[in-house]
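Engineer: Take this structure first; my questions come after.
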Amino acid sequence: MLAIERRNEILEKLQTDRRVVVSELSQLYDVSEETIRRDLEKLVNDGYAIKSYGGAVINENVNIELPFNIRKNRNILGKQHIAELVAGLVNDGDSIMLDASTTAVYIAKALQEKGKKNLTIITNSIEIIIELFDVQDWTILSTGGASREGSFALVGPQTDRMLSNYHVDKAIISCKGIDVSAGFTDSDDLHANNKRTMLKSAKDRILAIDSSKFDRIAFTEIGTLDDLTAVITDERPEEKWLQVFKDSGIQCIYPQ
């Protein structure tokens, strides 16, 4: 196994167990404890982990951007629930902007599985472009832009310019956190700018987030609650949030 593969597996284990122990990882991967310590040091330096006695614990900072493949495998069931609900809002013939979130990948798959016809998808997600490459009766448009390592995304001013040229039925984005006062936020300026442009280009502005994003604030603002027409999530939100959405005129949809 390559070192990067082992580190990614250790990072996945950290996401699941919240803590890892050097001696246990050494036995699991049949490598020296010194090798494991170097792996953990790399994860610490990258901001994913925090050193602890005999091992490491997960870094809970909301602004830490995990690798795409790690994020894609987190809360799969929740993302599938969200994707099914979003697909129920999409009509044949719709034009849609999808961001480069892992949730958006599940949404793209759900739209295929539901047999939606004649869709136009505009996205800055390389993963979605690959996923939809052979769909027969859809139009798939790539935004272009600078490739962002680790996120399978195209970002930057060129991406914004392309997005702003279109007017679509629906923009569907995700975020790192949503807060009553701070609005909905992301950990990266370029991603946030692109998502903001998507919302400005759409009639229906949909935020698709799992329940862990509520009452969290990340580094940079994408928008305020007034910028949204709907929030789709995987669990019934707390009553305070349901009231906030009602007061803001936002449709909130979750599994019943």
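The values are calculated or read from the model by the stated rules, or taken from the named source; none is laboratory data. Please read these numbers as outputs of a predicted model, since none were measured by experiment. Cβ sites come from the backbone with ideal geometry, for glycine too, and all protein chains shown count toward neighbours. Calculation scope for accessible area: heavy atoms of the full protein, side chains included, ligands and nucleic acids excluded. Shrake-Rupley method; radii C 1.70, N 1.55, O 1.52, S 1.80 Å.
Engineer: All but one of (1) acidic (Asp, Glu); (2) within 30 Å of LYS203 (Cα to Cα); (3) open to solvent by less than 40 Å² (accessible area, probe 1.4 Å) hold for GLU65; which doesn't?
Structural biologist: If we test GLU65 against (1) acidic (Asp, Glu); (2) within 30 Å of LYS203 (Cα to Cα); (3) open to solvent by less than 40 Å² (accessible area, probe 1.4 Å), just (3) comes out false.
Engineer: Would you confirm whether or not the stretch 45-62 contains a residue that is without any contact (Cβ under 8 Å) to a residue 60 or more places away in the chain, of a type outside the set (Ser, Thr, Tyr) and in a helix (DSSP H, G or I)? Steps first, please.
Structural biologist: Pass one, the stretch 45-62, residues without any contact (Cβ under 8 Å) to a residue 60 or more places away in the chain: 45-61.
Those left that are additionally of a type outside the set (Ser, Thr, Tyr): 45-47, 49-51, 54-61.
Filter once more, keeping what is in a helix (DSSP H, G or I): 45.
Yes: the stretch 45-62 contains one or more residues that are without any contact (Cβ under 8 Å) to a residue 60 or more places away in the chain, of a type outside the set (Ser, Thr, Tyr) and in a helix (DSSP H, G or I).
Engineer: While we're on this one: Of the residues VAL86, VAL105, VAL90, which is at negative phi, assigned to a loop (DSSP other than H, G, I, E, B) and buried (at least 16 other Cβ atoms within 10 Å of the Cβ)? Show your work before the answer.
Structural biologist: Details: VAL86 fails: assigned to a loop (DSSP other than H, G, I, E, B); VAL105 fails: assigned to a loop (DSSP other than H, G, I, E, B).
The match here is VAL90.
Engineer: Follow-up question, since we're still on this one. Please report, ordered by residue number, the strands (runs of 3 or more DSSP E) entirely within the stretch 155-217 with at least 1 residues that are open to solvent by 10 Å² or more (accessible area, probe 1.4 Å) and more than 22 Å from TYR106 (Cβ to Cβ). Spell out how you get there, then give the answer.
Structural biologist: Details: elements: 168-173, 177-179, 183-186, 202-208.
Those strands (runs of 3 or more DSSP E) span 177-179, 202-208.
Engineer: Related question: Please give the number of the condition ILE129 fails out of (1) of a type outside the set (Lys, Arg); (2) buried (at least 16 other Cβ atoms within 10 Å of the Cβ); (3) in contact (Cβ under 8 Å) with a residue 24 or more places away in the chain.
Structural biologist: With (1) of a type outside the set (Lys, Arg); (2) buried (at least 16 other Cβ atoms within 10 Å of the Cβ); (3) in contact (Cβ under 8 Å) with a residue 24 or more places away in the chain applied to ILE129, the lone miss is (3).
Engineer: Take GLY145 and decide whether it is at positive phi and more than 14 Å from the chain's Cα centre (by Cα).
Structural biologist: Values: at positive phi: yes; more than 14 Å from the chain's Cα centre (by Cα): yes.
Taking the combined requirement at face value, the residue satisfies it.
Engineer: Ok, one more. I'm trying to understand the selection: among the residues of the stretch 1-47, which are among the hydrophobic types (A, V, I, L, M, F, W, C) and open to solvent by 90 Å² or more (accessible area, probe 1.4 Å)?
Structural biologist: MET1, LEU2, ILE4, LEU28
Engineer: Out of ILE76, ILE50, I need the residue that is modelled with pLDDT under 90, open to solvent by 10 Å² or more (accessible area, probe 1.4 Å) and of a type in the set (Val, Ile, Thr). Which one?
Structural biologist: Numbers: ILE50 fails: modelled with pLDDT under 90.
That would be ILE76, the only listed residue that is modelled with pLDDT under 90, open to solvent by 10 Å² or more (accessible area, probe 1.4 Å) and of a type in the set (Val, Ile, Thr).
Engineer: Can you pull out the residues in the stretch 133-190 that are more than 17 Å from LEU98 (Cα to Cα), among the hydroxyl-bearing types (Ser, Thr, Tyr) and free of Cβ contacts under 8 Å to residues at least 24 places away in the same chain?
Structural biologist: If the condition is that a residue be more than 17 Å from LEU98 (Cα to Cα), among the hydroxyl-bearing types (Ser, Thr, Tyr) and free of Cβ contacts under 8 Å to residues at least 24 places away in the same chain, then SER181 is the only one that fits.
Engineer: Return the residues of the stretch 230-256 that are among the small types (Gly, Ala, Ser) and either surrounded by 19 or more Cβ atoms within 10 Å (Cβ to Cβ) or at pLDDT below 95 (or both); say none if nothing qualifies. If you could, list the steps in order and put the result at the bottom.
Structural biologist: Let us first name the residues in the stretch 230-256 that are among the small types (Gly, Ala, Ser), namely 230, 248-249.
If the condition is that a residue be among the small types (Gly, Ala, Ser) and either surrounded by 19 or more Cβ atoms within 10 Å (Cβ to Cβ) or at pLDDT below 95 (or both), then ALA230 is the only one that fits.
Engineer: Among the numbered criteria (1) touching a strand residue (DSSP E or B) at 6+ places or on another chain (Cβ under 7 Å); (2) open to solvent by 10 Å² or more (accessible area, probe 1.4 Å); (3) within 16 Å of ALA87 (Cβ to Cβ); (4) not polar (S, T, N, Q), which single criterion is violated by LYS114?
Structural biologist: Of everything listed in (1) touching a strand residue (DSSP E or B) at 6+ places or on another chain (Cβ under 7 Å); (2) open to solvent by 10 Å² or more (accessible area, probe 1.4 Å); (3) within 16 Å of ALA87 (Cβ to Cβ); (4) not polar (S, T, N, Q), LYS114 misses just condition (1).
Engineer: May I pose another question? Every residue in the stretch 1-44 that is of a type in the set (Val, Ile, Thr), part of a helix (DSSP H, G or I) and more than 26 Å from the chain's Cα centre (by Cα), please. First the steps, then the outcome.
Structural biologist: Within the stretch 1-44, the first condition is being of a type in the set (Val, Ile, Thr), and the residues that meet it are 4, 10, 16, 20-22, 31, 35-36, 44.
Pick out the ones that are also part of a helix (DSSP H, G or I) and you get 4, 10, 16, 22, 35-36, 44.
Result: VAL22, THR35, ILE36.
Engineer: For CYS252, which of the numbered conditions (1) assigned to a helix (DSSP H, G or I); (2) touching a helix residue (DSSP H, G or I) at 6+ places or on another chain (Cβ under 9 Å) fails to hold?
Structural biologist: Every listed condition holds for CYS252 apart from (1).
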